[in-house]
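These notes concern the structure reproduced below.
The values are calculated or read from the model by the stated rules, or taken from the named source; none is laboratory data. Because the structure is predicted, anything quoted here is derived from the model rather than measured. Reconstructed Cβ throughout: ideal geometry from the backbone, glycine too, with neighbour counts over all protein chains shown.
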Amino acid sequence: MALTTHPADDSHPGAAAAPFDVLIVGAGLHGALIALALLDAQPGLRLRLIERDPQPAGNHTWCFHRGDVPAAVGGWFGRLPMTTWPGYRVAFPGFERTVELPYCGLGSADLAVHLRDVFSASAAARLLTGSEVTVVDQNAVRFADGRVLRAGLVIDARGGGTVGATGYQKFLGLEVELAGDCGLDRPLLMDACLPQGPQFRFMYVLPFGPRRVLIEDTAFARTPHLDHSARRAAIHAYAAARGWTIRAVVREESGVLPMPWQATVPAPALPLKVGYAGGWFHPATGYSAPCALRLATVLARHWRDPLPALTAEWRRHRRQFRLGLLLNALAFRGFRPDLMWQPFARFYRLPLATIARFYRLESTPRDIARLLLGRPPRGFGSAWFPRPHTQETSS
Ligand SMILES: Cc1cc2nc3c(=O)[nH]c(=O)nc-3n(C[C@H](O)[C@H](O)[C@H](O)COP(=O)(O)OP(=O)(O)OC[C@H]3O[C@@H](n4cnc5c(N)ncnc54)[C@H](O)[C@@H]3O)c2cc1C
């Protein structure tokens, strides 16, 4: 159900409405977290969070490491309806590890309820759903119906975005109810003990309860096509192989994310572009929650004059982004798909602090050396001596 538009938002087509402090277009991951951070820092902010769909927050399960959360994050973060696990496991042929890095999961449905609660408790802020924006300008947005709203700061969080040469991370997840307990007390971040073929495949499993799990079939591939029915069948086969009986599928999510090796992160400019479209993601993991948390923390402090602080953040992000591009190039171009699990297996042998810094885009020169150089088994750096590719199918 779309929330009713506040009378103060109404304007005749093409007319300028009363100015607001902040307009955020897109109530996905970035728009939502930034709105929550801003309202926490400035409870009286005249903010409009504008979403095209009838519901905010889409259909995702967003995960991130607890260590990705900036130390200066506001109290809003602790109120997010999240699941937190003490760590996770990874499994490759001949190697398994329990990674003791706390890991968090945030679901769209819970985030949507939380957003509605926060906005309905606010005197000056509104969540406008079912409201498509067609033009995003430095100080104004135009809706599909012709209304115009003006504000001191406009943030474009509409998602999407194009990249240059790229591989893809493709996934389909089924959140299922099992007939018996799954036996997992923590996520299985990467179970690559699957038959490997023309795409690098692994399963990602999040246990939300003893009998409620999200099982995500993931592939790193050169083509974006995702065969939904084949992936569903693979998940059912995986569950059966683990001895799990699926009683009901309660939700499905899917996505195809770019894993580029040629892309640039545009310098911050007005209107502010955040999210994937602004280059605020990790090119080698596909995660953008660490960037969203960081941007939300920066904007909560600097929303009146955001460019200096964001430009400093962008300079740092850009360097780490380039490392991600290099690793993607090495992984996709230097390894046959059926052997691509090898550099990932080696990555997860690295010290915990190196893994944590990599995920939060804070790798040090020493971390980078560890990622690229070092003793066998084959790491990313062994792709300096590439092997020929096998032909890839498109499922
Ligand atoms: C299924 C899936 C799972 C993922 N899991 C993770 C994860 O575990 N961890 C992680 O860090 N990343 C994850 N990602 C990657 C990434 O974090 C997400 O894609 C993330 O949602 C990107 O955030 P965003 O705000 O840029 O875009 P989105 O979350 O897509 O939000 C954009 C919003 O803008 C709205 N919108 C678009 N156009 C308009 C318009 N014209 N007018 C008004 N509103 C508009 C959309 O409806 C949408 O709600 C996942 C991606 C997918 C697809």
Exercise. Hey, does the range 90-105 have a residue that's touching a strand residue (DSSP E or B) at 6+ places or on another chain (Cβ under 6 Å), in the same structural domain as F281 (by TED's automatic domain parsing) and under 18 Å from A32 (Cα atoms)?
Worked result: yes
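Tell me which residues, restricted to the range 45-60, are within 6 Å of the ligand (Cβ to nearest atom) and of a type outside the set (D, E, K, R).
First, the residues of the range 45-60 that are within 6 Å of the ligand (Cβ to nearest atom): 50-53, 58, 60.
Passing the criteria: I50, G58, H60.
Return the only residue of G197, G146, G180 being small (G, A, S), outside any strand (DSSP E or B), in contact with a Pro (Cβ under 6 Å, 6 or more places away or on another chain) and touching a residue at least 40 places away in the same chain (Cβ under 8 Å).
Details: G197 fails: in contact with a Pro (Cβ under 6 Å, 6 or more places away or on another chain); G180 fails: in contact with a Pro (Cβ under 6 Å, 6 or more places away or on another chain).
When all the criteria are applied, what remains is G146.
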Exercise. Going through the range 352-381 one residue at a time, which ones are touching a Pro at 6+ places or on another chain (Cβ under 8 Å) and at pLDDT below 70?
Worked result: R378
Exercise. Taking the range 98-115 as the region of interest, how many residues are part of a strand (DSSP E or B) and under 20 Å from F358 (Cα atoms)?
Worked result: 5
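For the range 234-293, which positions are acidic (D, E) and either away from the ligand (no atom under 15 Å from the Cβ) or over 17 Å from G159 (Cβ atoms) (or both)? It would help to see each step written out before you state the result.
In the first step, residues of the range 234-293 are kept if they are acidic (D, E); the result is 252-253.
Passing the criteria: only E252.
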Problem set entry | Given (1) touching a strand residue (DSSP E or B) at 6+ places or on another chain (Cβ under 7 Å); (2) within 30 Å of Q138 (Cα to Cα), index of the condition A179 fails | (2)
Exercise. Pairs, please: C-beta under 6 Å, at least 6 apart or cross-chain, first residue over 20 Å from H60 (Cβ atoms) and in the range 227-251, second part of a helix (DSSP H, G or I)?
Worked result: I246/A239
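Picking from G28, G58, G44, G78, which residue would you name as being modelled with pLDDT of 95 or more, crowded, with 16+ Cβ neighbours inside 10 Å and on the phi < 0 side of the Ramachandran plot? Spell out the reasoning first.
Details: G58 fails: on the phi < 0 side of the Ramachandran plot; G44 fails: crowded, with 16+ Cβ neighbours inside 10 Å; G78 fails: crowded, with 16+ Cβ neighbours inside 10 Å.
Within the list G28, G58, G44, G78, the selection yields G28.
Please verify whether A284 is among the small types (G, A, S), surrounded by 21 or more Cβ atoms within 10 Å (Cβ to Cβ) and in a loop (DSSP other than H, G, I, E, B), treating the condition exactly as stated.
Numbers: among the small types (G, A, S): yes; surrounded by 21 or more Cβ atoms within 10 Å (Cβ to Cβ): yes; in a loop (DSSP other than H, G, I, E, B): yes.
Against the criterion (among the small types (G, A, S), surrounded by 21 or more Cβ atoms within 10 Å (Cβ to Cβ) and in a loop (DSSP other than H, G, I, E, B)), A284 qualifies.
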Seminar exercise, completed: Looking across the range 125-137 at residues that are hydrophobic (A, V, I, L, M, F, W, C), under 12 Å from L49 (Cα atoms) and touching a Pro at 6+ places or on another chain (Cβ under 9 Å), the single one that is farthest from the ligand (Cβ to nearest atom) is A125
Exercise. Do you know which of the residues in the range 314-335 that are away from the ligand (no atom under 16 Å from the Cβ) and not hydrophobic (A, V, I, L, M, F, W, C) is surrounded by the most Cβ atoms within 10 Å (Cβ to Cβ)?
Worked result: G334
Seminar exercise, completed: By residue number, the members of the range 212-241 that are under 27 Å from T84 (Cβ atoms) and either among the aliphatic types (A, V, I, L, M) or surrounded by fewer than 16 Cβ atoms within 10 Å (Cβ to Cβ) (or both) are R212, V213, L214, I215, I235, A239
